[in-house]
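First comes the structure, then the notes that go with it.
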Amino acid sequence: MFIVYTSNTGHTRQYAQMLSEALDLPAYDLKTVPPTLDGLEAIYMGWLMAGSVVGYAKAAKKFKIRCVVGVGMTPESAEQTEDVAKKVKPGAGVPVFYLQGGYDFNKLGAMHKMMMKAVTPSILKRFDGKSEAEKEADPTYRMITRGDSVVSAERLEPVIRWYQAAEK
Ligand SMILES: Cc1cc2nc3c(=O)[nH]c(=O)nc-3n(C[C@H](O)[C@H](O)[C@H](O)COP(=O)(O)O)c2cc1C
């Protein structure tokens, strides 16, 4: 087993590196996985773009994906995990995890900036009527207004527990 990831601005890469250390598995960028690993079992981690896990379809053609981890800016919830799982639709018995990562508009390329400019007002609308303290307490608000990251080893614990149980 190894880890394959796709990251646009580095947060998913950070999670992949943390998971690599925690599980003692090598982690590779999807673009540079050694061809000798084709067809073998992998954990796939990708950033979320418009609800989809970027790179999953390509990775699923190359490897036997045993677990999928989506990383986005939306807060973690059972509903968000369910939404990601519905989009990914992996095979039976393949778990899907969702982790909140980070976001920084300034790190995006021109096309992604344009896409995010279109949706930022609707994301900000969710905070209408909230106090400054409530807004500031929400990582998504900090991410969208000035860039922030909540990447942490603790968030990976459900993935680590799954792996340890699956490997028994
Ligand atoms: C064009 C675009 C679309 C995005 N769509 C979503 C989305 O649907 N859901 C979500 O939770 N986050 C979304 N995000 C936020 C990223 O998934 C988030 O910033 C993630 O942590 C980026 O990971 P990376 O640093 O590895 O690229 C979007 C970001 C961009 C630039």
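The values are calculated or read from the model by the stated rules, or taken from the named source; none is laboratory data. This is a predicted model, so every value here is computed, not measured. Positions of Cβ are generated from backbone atoms using ideal geometry, with glycine treated the same way; all protein chains shown enter the neighbour counts.
A few points about this structure:
- Residue ID - surrounded by the fewest Cβ atoms within 10 Å (Cβ to Cβ), chosen from residues in segment 47-77 that are within 19 Å of GLY102 (Cα to Cα) and small (Gly, Ala, Ser): ALA50
- Scan segment 77-114 for residues that are part of a loop (DSSP other than H, G, I, E, B), near the ligand (Cβ under 10 Å from one of its atoms) and within 22 Å of ILE43 (Cα to Cα) and the total you get is 1.
- Residue-level check: of (1) within 29 Å of ALA165 (Cα to Cα); (2) loosely packed, with under 15 Cβ neighbours inside 10 Å, HIS112 misses just (1).
- Cross-chain or 6+ apart pairs with Cβ under 7 Å, segment 67-84 first and within 16 Å of TYR15 (Cα to Cα), then modelled with pLDDT under 95: VAL68/PRO90
- Residue in segment 64-73 that is touching a helix residue (DSSP H, G or I) at 6+ places or on another chain (Cβ under 6 Å), part of a loop (DSSP other than H, G, I, E, B) and not charged (D, E, K, R) present: yes
- Condition check for THR9: surrounded by fewer than 18 Cβ atoms within 10 Å (Cβ to Cβ), among the β-branched types (Val, Ile, Thr), touching a Gly at 6+ places or on another chain (Cβ under 9 Å) and touching a residue at least 12 places away in the same chain (Cβ under 8 Å): no
- Only residues that are among the hydrophobic types (A, V, I, L, M, F, W, C), within 15 Å of the ligand (Cβ to nearest atom) and either more than 17 Å from MET115 (Cβ to Cβ) or not assigned by TED's automatic domain parsing to the domain that holds ARG155 (or both) were counted across segment 45-70, and they come to 4.
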